[in-house]
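Colleague: Quick one: the structure is below, questions incoming.
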Amino acid sequence: MRKIPSIIAVVLSIISLASTCDDNESHVSQVEPKNVAGRWVLYERGYSPGSGYITEQIPANPAQEITLEQTKRFTSNIQGLSDYKFYEILDDTNLQVKVLALFKAKPEGFVEINNLEHSYNLEVKDGNLRLAYRFCIEGCHMAFKPAKSTN
């Protein structure tokens, strides 16, 4: 009977240690619509021309933005994205990543992740949003920071 309290103490200690192991790592948020809702300003773009990886800083003016509303409405003034009006956040269970899928019309019913017109791997890290082009072998990406409120 005395072993049960000591076993419980050991289990609680392990749980406590496990929860503090990632204190030095960057904080990666669970990606849900509420975590990405808001206005985001593009500040960085990365790509590979075939050799090496180039990261370019994006000028603040004019601001290039995307807006993700909690209602799953999408707006953007970024060339190539302004035609998209809706979004969904999906799970790619094969790659174990979240996916931001963009749509020109509101999707009805089940959305097939392998048949998307326009999508990105999605990550929220240290308060910034990173969209990586799916299936881009070189790791092409766009990085966004939260837009400052004008209120």
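The values are calculated or read from the model by the stated rules, or taken from the named source; none is laboratory data. Note that the structure is a prediction, hence the values are computed from the model and not measured. Counting neighbours? That spans all protein chains shown, and the Cβs are built from the backbone with ideal geometry, glycine included. The accessibility values were calculated without ligands, DNA or RNA, using every heavy atom of the protein model including side chains. Shrake-Rupley method; radii C 1.70, N 1.55, O 1.52, S 1.80 Å.
Colleague: List pairs: first residue in the stretch 74-96 and over 19 Å from Trp40 (Cα atoms), second residue part of a loop (DSSP other than H, G, I, E, B) and open to solvent by 20 Å² or more (accessible area, probe 1.4 Å) anywhere in the structure, Cβ distance under 7 angstrom, at least six positions apart or on different chains.
Modeller: Leu90/Val111
Colleague: Looking at the stretch 100-132, which of the residues that are in contact with a strand residue (DSSP E or B) (Cβ under 6 Å, 6 or more places away or on another chain) and among the aromatic types (Phe, Trp, Tyr) is surrounded by the fewest Cβ atoms within 10 Å (Cβ to Cβ)?
Modeller: Out of the qualifying residues, it is Phe103.
Colleague: If I go through the stretch 88-99 residue by residue, how many of them are open to solvent by less than 30 Å² (accessible area, probe 1.4 Å) and farther than 18 Å from Asn128 by Cα?
Modeller: Residues flagged as open to solvent by less than 30 Å² (accessible area, probe 1.4 Å) and farther than 18 Å from Asn128 by Cα within the stretch 88-99 amount to 2.
Colleague: Can you tell me which condition Asn35 does not meet? The list is (1) open to solvent by less than 80 Å² (accessible area, probe 1.4 Å); (2) among the polar types (S, T, N, Q); (3) over 15 Å from Leu131 (Cβ atoms); (4) at pLDDT 60 or above, and all the others hold.
Modeller: (3)
Colleague: Can you find, within the stretch 44-93, the residue that is farthest from the chain's Cα centre (by Cα) among those that are among the acidic types (Asp, Glu) and part of a strand (DSSP E or B)?
Modeller: My answer is Glu56.
Colleague: So, one more: One residue is enough: does the stretch 104-118 have a residue meeting the conditions under 17 Å from Gly38 (Cβ atoms) and without any contact (Cβ under 8 Å) to a residue 60 or more places away in the chain?
Modeller: So far as the stretch 104-118 goes, no, none of its residues is under 17 Å from Gly38 (Cβ atoms) and without any contact (Cβ under 8 Å) to a residue 60 or more places away in the chain.
Colleague: Pick from the stretch 38-76 the residues that are surrounded by 14 or more Cβ atoms within 10 Å (Cβ to Cβ) and among the aliphatic types (A, V, I, L, M): which of them is nearest to Ala147 (Cα to Cα)?
Modeller: Val41
Colleague: Still on this model: On the given criteria, is Arg130 closer than 17 Å to Val36 by Cβ, in contact with a Leu (Cβ under 8 Å, 6 or more places away or on another chain) and not hydroxyl-bearing (Ser, Thr, Tyr)?
Modeller: Here the answer is yes, as Arg130 does meet what is asked.
Colleague: Answer yes or no as to whether Ala105 is modelled with pLDDT of 90 or more and more than 29 Å from Ser51 (Cα to Cα).
Modeller: The answer is yes for Ala105.
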